[in-house]
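**Student:** Structure incoming, see below.
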Amino acid sequence: MCSGRVDLAFILHAFSIGMDGVYIAGCRLDECKYITHGNYYALNIVLLGKRLLEYIGLDSNRLRIEFMSSAEAFRFVETINDFIHTIRERGPIGEKEGVKQEELRIRLSELAKLVPYIKIATRKKLSVRLKDPQEWEKLFTPEEIETLFREVPSYYIDPTKCQACMTCARRCPVDAILSGKNLIHIIDQEKCIKCGTCLEVCPPRFSAVTKLIGETPPPPIPEEKRVITRKGKED
Amino acid sequence: MVKKPRYIIESKCTGCATCMEYCPVKIPDPFNQAISKNKATHIYFSQAIPLITYIDENCLYLKEKKCGICMGVCGKKAIDFNQTSEKVEVNVGAIILATGFEPFDPRVRDEYGYGKFENVVTSMDYERITCATGPYEGEIRRTSDLKPPKKIAWIQCVGSRQVIPGGNSYCSGVCCTYTQKQVIVTKDYYPEVECVIFHNDIRSYGKGFERFYQRAENLPGVRFIRSYVSVVKEVPESKNLIIRFSTPEEGVKEEEFDMVVLSIGLNPPRDAKGLANRLGIELNAHGFYKVNPFDPTKSSRPGIFVSGASQGPMDIPESVYMGSGAASRCGESLEYRRDKLTIKKVYPKEKDVSQEEPKIGVFVCHCGTNIGKVVDVPSLVEYAMDLPYVVHSEEQLFSCSAESTNKIMNVIREKGLNRVVVAACTPKTHEPTFRDSLREGGLNQYFVDMANIREHCSWVHSQEKEEATEKAKDLLRMSLARAIRLEALPEFELPVNKAALVVGGGIAGMNCALSIANQGHEVYLIEKENELGGMARRIHTTLEGLDVQAYLRELIREIYEHPLIHVSTGATVMEAGGYAGNFITKVKSDGKVREIRHGATVIATGGEEYKPTEYLYGKDERVMTNLELEERIAQKDEKVTKCQSLVMIQCVGSRNEIRNYCSRICCTESIKNALRLKELNPKMDIYILFRDIRTYGFNEDYYRDAAEKEVKFIRYDPQDPPQVEKVEEGGQTLLRVTVTDQLLGQRLEIDADFVSLATGVIPPEGNKEVSQLFKALMEEDGFFKEAHVKLRPVDFGEEGIYLCGMAHYPKHITEAISQAHGAAGRVLTLLSHDTVVRSGVVCVVDEKRCMGCGACVEACAYSALSLYETRQGKKVSINPALCKGDGLCNAICPTGAIQLKHYTDKQLIAQMDASVEEA
């Protein structure tokens, strides 16, 4: 397991269970013993994570990454002590930032739900290798994060167009589409990870799936109205 | 052999270091160059193998039969003062000498004041001083007042390149670069320190060294000054040191430093003479073990091999591949006895527990007093009993000891455990031990988890016992949460195809093929040209005067006569696939395409000569390359051998912006040709225009020889390179070379009959294709990229593929042969097994959850993942044989479709959640 295994979801999860800080230690950059160089992924996840924390009103110093070799115990001790000091200064999560516990919980859980979407949207940047620490801060800008959240899509199946062909339901990676034979399909917005697969696979002759940005999708139609009666079948 | 007493019973000592803590005797720490103190009983250094203590002869008990405290505190009764020197007799078929070198002792020459002035240290001292485990815990301090130095001088060539009593005439080959490393390390931690390096030629001839030199040189506050120096005196008040040196611009100068580091060279191993006598082998003129340049590990006596710096100065990568090469050469003669002494362990059949509820056994280790002294072990044992699924909990003095692991195995059987948690030390040290206990107990080895309550609790919180115990409980709970979710993972075995493919039939490829074939393996040797031999076909003699062509003829004959070697010339690789142990490569030769199945691949595609565009090459036939000159000397072309003057220009096509590396061999090649010409025609005027002469190691002798024979060496500045022009004078077209002599500060004009260009080595054009076909990484200069520049110099990151020869970097014939044997040794570590065992820690794909985005495919450095079309769109599939278990794909996958086994999202999240549960 490499430091690149640290998932954005783990970081957010740690904060959501009440951790006041998250410290990630990876090997020295460009000194990967293998050919993986996964520490750059870890670095990028942290750079992104910091911006996300800021976005939800938390101090980004609560998340830190340090690079060291296994022979550098002193570096570890030094940085961890410094981190503890940093966190002690800030106190419990949300306190200095003025975010109430309940509000914090909601924000983190909303954010956690968006992890798949964030991963898809930032994919290219997560794999870059920025050698110059001066560049790090610029990898993700606050404006970019604003845009990222402004453009969070929702997917919606137009009940008048859906022909209940089951294609989207079969292809949805998280089983978020309620479907059945001759039943108009409905996207469970709670489960949906916003990957857009349904939009991609809905047969063009139906074009029942739409991508909504900045709009709340209409509520699902009542169950009794979901049955489709097909012309062909009536004859 | 005589084995010195350690006064510790190795089989009993667990390395807990309790004896160290109680030992009252302090001695100068031999590993830290006696700069700091250690106890009389101590572990030699923190990575020592075995990681157990020994007792120094300054021990009170050994000296005066007093004390003996250690005997009382050792929980394992591992101290034994009755041990004496032991005579050990072993019967062996071969011997490898790898006795290393002895650092030069600058005390023998007092011009540097070492041992007299406190703040003069050797590079070995400085190495320890900068080390985190060194005397000042990584803080750089000077000896006199323990204050950080502000201005440090390095003096190069201390004990090297000196033909004076006490000095060595050869170049130690490693000091230029290790000094640059020390400068970089110093500036890394203390950017304000001023560093001055007094040097002779800068010999950055190794792979990546030229760039490394530039990195050091370009740091602010670093000066490289080419000058001989002496340490004149110590300033009595400050203990600072005055160094005297001279530069062409400013003449003789003195400068004050607060610390001086002597870059000491490499001496022959201690008592090389005595050992050589006892073993009946010869030493060379410099007192190192003598070897055969065409068989670089072979001593003067059959069956005795020499590797590493005991045969002459060399850097880490050369030592590493030479060690592997010596092993391979032993293997050639001992192949018939392979595995005769190995005993295979047999394990009981693995029980299927997938349908059972978790039944966990917890074992809490005291680690002597290491853990128990701080963490309340009994309360931890009790605490564990109340946790879900725990059916057994006990404490152990040393969980890693044989009796404890036996106990674990027995409890697994008796109580029907299906999970084990060991609360002890880091899994880095003993996880394999406990995995083995599980296997012996009939469980899948992945059902164990370790809670590190030593490093994370007792060691770092030794002053806070209660908190340490609370933290230990947290770690134990977390460990259990993970253990519940652990799964049985198969370690699958893949059969190994016993054949090897060697790509490239030059000296490296052929030597590698022979060494592999001599150990009973089939080898397919493919060469793109119609003849074997590669670059060596154009080389006639070595620097030492050996006949390369005769050697080559003999080598080619051996290759063709070997029943296990199949040669294809004029060959092209069409396709390459598979993985370690099972490669399939399609090769076209003689118009036919053949499919070769092989377990290992060696890339030995060699190097090529740079064809210059500079210095009128191609425009005037009197301008030639070094290799062309060598050819004409070999043919006894009298036009050349009887000419009056010849100019050689170094670094043509190397060490420039396009090829930012040193071609390593051209200095020697020029000196070789110059000496040969001087031999044929002592009156010939030969000029060598150079930047740095890089005759490292014993090659230095020939440089000196050339200078003594009046070959004129003129240093030029790359900013002001020599000019070669045609000049009409007296009805003749002269070849005029103009160069600025830096010492004299004058322009020199030399009318040359011939100009020979020391052209660099460039990677073959075809490397790019080979790289893509075999998934063998190439670096920016177009040579192949080894897995680790120092520690794995013949491996690729990809398993089962190895490299040697100039495909790796320009090198001399002897070095190429050594590396070829090294690659063969590595190949054998794979091919000598019937199967390769793959870790169970690999990724798996849940196809339903995969959205076919391909993010994981991009993230995988090992090409273990690939997309394929299904009826449900694109999906990812994994080849577990290629997966290294880094888990990048898992972290980048948006849907959670890929999971890294043993470190799944569920297991890790559960561990996090357990950390905040109420204790």
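Please treat every number below as a calculation from the coordinates, not as lab data. Source: prediction; values computed, not measured. Neighbour counts run over all protein chains shown; Cβ positions are idealised from the backbone, glycine included.
**Student:** How large is ³J(HN,Hα), in whole Hz, for each residue of the stretch B:788-804 in order, when computed from phi with the Karplus curve 6.51 cos²θ - 1.76 cosθ + 1.60 and θ = phi - 60°, using x for Gly and Pro?
**Tutor:** Listing the rounded values in order: 8, 4, 9, 8, 10, x, 10, 9, 9, x, 6, 6, x, 10, 10, 9, 7 Hz.
**Student:** While we're here: May I ask for the percentage of alpha-carbon pairs in chain B that lie more than 42 Å from each other?
**Tutor:** In whole percent, the share of Cα-Cα pairs in chain B beyond 42 Å is 48.
**Student:** Name the residues whose placed amide hydrogens come within less than 5 Å of the amide hydrogen of A:Ala176, ignoring near sequence neighbours (fewer than 5 apart) on the same chain.
**Tutor:** For A:Ala176, whose amide H was placed from the backbone, there are no distant partners under 5 Å.
**Student:** Taking the Cα centre as origin and putting +1 on Lys and Arg beta-carbons and -1 on Asp and Glu beta-carbons, what dipole magnitude results for the stretch A:153-234, to the nearest 20 debye? List each step's numbers first, then the result.
**Tutor:** Numbers: 13 positive and 9 negative charges, 80 e Å.
Here the stretch A:153-234 has a charge dipole of around 380 debye.
**Student:** Take the Cα atoms of the stretch B:86-208, build their convex hull, and give its volume per residue in Å³.
**Tutor:** Roughly 201 Å³ of hull volume per residue.
**Student:** With a point put 7 Å past each Cα toward its Cβ, work out how far A:Asp30 is from B:Leu680 in nm, to one decimal.
**Tutor:** 4.6
**Student:** Using the reciprocal of the averaged 1/r over all distinct C-alpha pairs, how large is the Kirkwood radius of the protein assembly as shown in Å?
**Tutor:** Final number for the Kirkwood radius of the protein assembly as shown is 34.3 Å.
**Student:** Taking the Cα-to-Cβ direction at B:Val2 and at A:Ile221 and moving 7 Å from each Cα, how far apart do the two end points lie in nm?
**Tutor:** Calculated label separation equals 9.8 nm.
**Student:** Right, next: Putting +1 on Lys and Arg Cβ atoms and -1 on Asp and Glu Cβ atoms, find which of B:Pro763, B:Leu734, B:Val724 reaches farthest to the positive end of the dipole of chain B.
**Tutor:** The residue sitting farthest along the positive end of the dipole is B:Pro763.
**Student:** Write down the Kirkwood hydrodynamic radius of the stretch A:153-234, to one decimal in angstroms, obtained as one divided by the mean of 1/r over all alpha carbon pairs.
**Tutor:** That comes to 12.8 Å for the stretch A:153-234.
**Student:** Any idea what Rg and Dmax come out to for the stretch B:513-574 if you just take the C-alpha atoms, in Å?
**Tutor:** Values for the stretch B:513-574 (Cα only, Rg and Dmax): 13.0, 41 Å.
**Student:** Moving on to the next point. Give the separation of the Cα centroids, the stretch A:185-221 to the stretch B:655-700, in Å.
**Tutor:** Comparing the Cα centres of the stretch A:185-221 and the stretch B:655-700, I get a distance of 73 Å.
**Student:** How big is the stretch B:618-715 on each of its three principal axes, counting only the C-alpha atoms and giving the largest first in Å?
**Tutor:** In descending order, the Cα extents are 37, 34, 21 Å.
**Student:** Provide the gained length on full extension for the span B:Ala94 to B:Arg871, in nm with one decimal, where the gain is 0.36 nm per separating residue minus the Cα-Cα distance.
**Tutor:** 273.6 nm
**Student:** Same structure again: If you average the C-alpha positions of the stretch B:716-734 and of the stretch B:166-226 separately, how far apart do those two centres end up, in angstrom?
**Tutor:** 34
**Student:** Can you pull the one-decimal nm distance between simple spin-label points at B:Glu256 and B:Thr572, each 7 Å off the Cα toward Cβ?
**Tutor:** 7.2
**Student:** Once amide H atoms are built 1.01 Å from N in the peptide plane, which residues 5 or more positions from B:Asn267, or in another chain, come under 5 Å H to H?
**Tutor:** B:Glu102, B:Phe104
**Student:** Can you give the direction-averaged projected area of the convex hull of the alpha-carbon atoms in the stretch B:125-265, in nm²? Intermediate results must be reported in sequence, preceding the final value.
**Tutor:** On the way: hull surface 36.8 nm².
Approximately 9.2 nm², given one-decimal rounding.
**Student:** For the stretch B:170-239, what are the per-bin percents of Cα-Cα distances with bins 5 Å wide, up to the bin holding the maximum?
**Tutor:** Per 5 Å bin, starting at zero, the Cα-Cα P(r) for the stretch B:170-239 comes out as 4, 14, 24, 22, 17, 12, 4, 2, 0 percent.
**Student:** Work out how far the C-alpha atoms of the stretch B:204-246 reach from end to end along every principal axis, then list the three figures in whole Å, largest first.
**Tutor:** Sorted largest first, the three principal extents are 43, 21, 16 Å.
**Student:** At 0.36 nm per residue, minus the direct Cα-Cα distance, what do B:Arg594 and B:Ile242 gain on full extension? Give it in nm, one decimal, please. Don't skip to the end; give the middle numbers.
**Tutor:** Working: separation 352, 0.36 × 352 = 126.72 nm, distance 7.07 nm.
Difference between extended and current length: 119.6 nm.
**Student:** Averaged over A:31-38, how many beta carbons belonging to a partner chain fall within 10 Å of each residue's beta carbon? Let's see the in-between values first.
**Tutor:** Values: counts 1, 5, 5, 7, 11, 9, 3, 6.
Mean number of neighbouring Cβ atoms from other chains: 6.
**Student:** So what's the Cα pair-distance distribution over the stretch B:1-159, bin width 10 Å, in %?
**Tutor:** Bin by bin from 0 Å, the calculated values are 9, 29, 29, 24, 9, 0.
**Student:** Here is a further query. Need one value for B:847-853: mean number of C-beta atoms belonging to other chains within 10 Å of its residues' C-beta atoms.
**Tutor:** 5
**Student:** Under 28 Å Cα to Cα from B:Lys359, which lysines show up? Leave out anything in the same chain fewer than 8 places away.
**Tutor:** B:Lys345, B:Lys349, B:Lys351, B:Lys407, B:Lys415, B:Lys428, B:Lys471, B:Lys473, B:Lys901, B:Lys906
**Student:** Over the alpha-carbon set of the stretch B:221-305, divide Rg by the Kirkwood Rh and report the Rg/Rh ratio to two decimals. All intermediate terms of the calculation are to be shown ahead of the outcome.
**Tutor:** Details: Rg = 21.6 Å, Rh = 17.0 Å.
When Rh is taken as the Kirkwood radius, the ratio is 1.27.
**Student:** Which order, highest average first, do B:314-326, B:93-105 follow once you tally other Cβ atoms within 10 Å for each residue and take the mean per peptide?
**Tutor:** B:314-326, B:93-105
**Student:** Please list log₁₀ I(q)/I(0) at q = 0.13, 0.20 Å⁻¹ for the stretch B:339-483, using the Debye equation with identical point scatterers on the alpha-carbon positions.
**Tutor:** Ignoring solvent entirely, the Cα scatterers give -0.53, -1.14.
**Student:** Enumerate the calculated ³J(HN,Hα) couplings along the stretch B:394-411 in order (Karplus 6.51 cos²θ - 1.76 cosθ + 1.60, θ = phi - 60°), each rounded to whole Hz, writing x wherever the residue is Gly or Pro.
**Tutor:** 8, 9, 9, 5, 9, 4, 7, 6, 4, 5, 5, 5, 4, 4, 4, 4, 5, 5
**Student:** Exceeding 20 Å between C-alpha atoms, which entries from my cross-link table qualify? They are B:Lys672/B:Lys811; B:Lys151/B:Lys187; B:Lys37/B:Lys373.
**Tutor:** Checking Cα-Cα distances, B:Lys37/B:Lys373 exceed 20 Å.
**Student:** Across the stretch A:67-155, what fraction of all alpha-carbon pairs, as a whole percent, falls in each successive 10 Å bin from zero upward?
**Tutor:** 12, 26, 38, 22, 2, 0
**Student:** Quick one: length gained pulling A:Lys191 to A:Lys131 fully straight, 0.36 nm per residue minus the C-alpha distance? Don't skip to the end; give the middle numbers.
**Tutor:** Working: separation 60, 0.36 × 60 = 21.60 nm, distance 3.81 nm.
Gain on extension, A:Lys191 to A:Lys131, equals 17.8 nm.
**Student:** What is the calculated FRET efficiency for B:Glu487 to B:Arg211, with r their C-beta to C-beta distance and R₀ = 45 Å, to the nearest 0.05? The partial results should precede the final answer.
**Tutor:** Values: r = 46 Å, r/R0 = 1.03.
Rounded to the nearest 0.05, the efficiency is 0.45.
**Student:** Next question, about the same structure. For the protein assembly as shown, what is the mean residue ellipticity at 222 nm derived from helices alone (per DSSP H run of n ≥ 4: -39500 (n - 2.57); sum divided by total residues; nearest 500 deg cm²/dmol)? Mind showing how you got there, number by number?
**Tutor:** On the way: 33 runs with 339 residues, N = 1154.
Calculated at 222 nm, the ellipticity per residue is -8500 deg cm²/dmol.
**Student:** Oh, and also: Each residue of the stretch B:373-384 in turn: what ³J(HN,Hα) in whole Hz from Karplus with 6.51, -1.76, 1.60 and θ = phi - 60°, glycine and Pro shown as x?
**Tutor:** Values per residue, Gly and Pro as x: 5, 10, 7, 7, 4, x, 5, 5, 4, 5, 4, 4 Hz.
**Student:** What is the Rg over Rh value, at two decimals, for the stretch A:3-150, using alpha-carbon atoms and the Kirkwood definition of Rh?
**Tutor:** 0.96
**Student:** Under the Kirkwood approximation for Rh and a Cα-based Rg, what ratio Rg/Rh is obtained for the stretch B:659-809?
**Tutor:** Checking Rg against Rh, the ratio lands at 1.09.
**Student:** Long-range amide H contacts for A:Ile24: which residues qualify at under 5 Å (H placed 1.01 Å from N, peptide plane, sequence gap of 5 or more or a different chain)?
**Tutor:** A:Arg64, A:Ile65, A:Glu66
**Student:** Next question, about the same structure. Just counting partner chain Cβ atoms within 10 Å, what average do the residues of peptide B:891-903 show around their Cβ?
**Tutor:** 5
**Student:** Also, I was wondering about something else. When you take every Cα atom in the stretch B:310-413, what is the radius of gyration, and what is Dmax, the widest Cα pair distance, in Å?
**Tutor:** 23.5, 64
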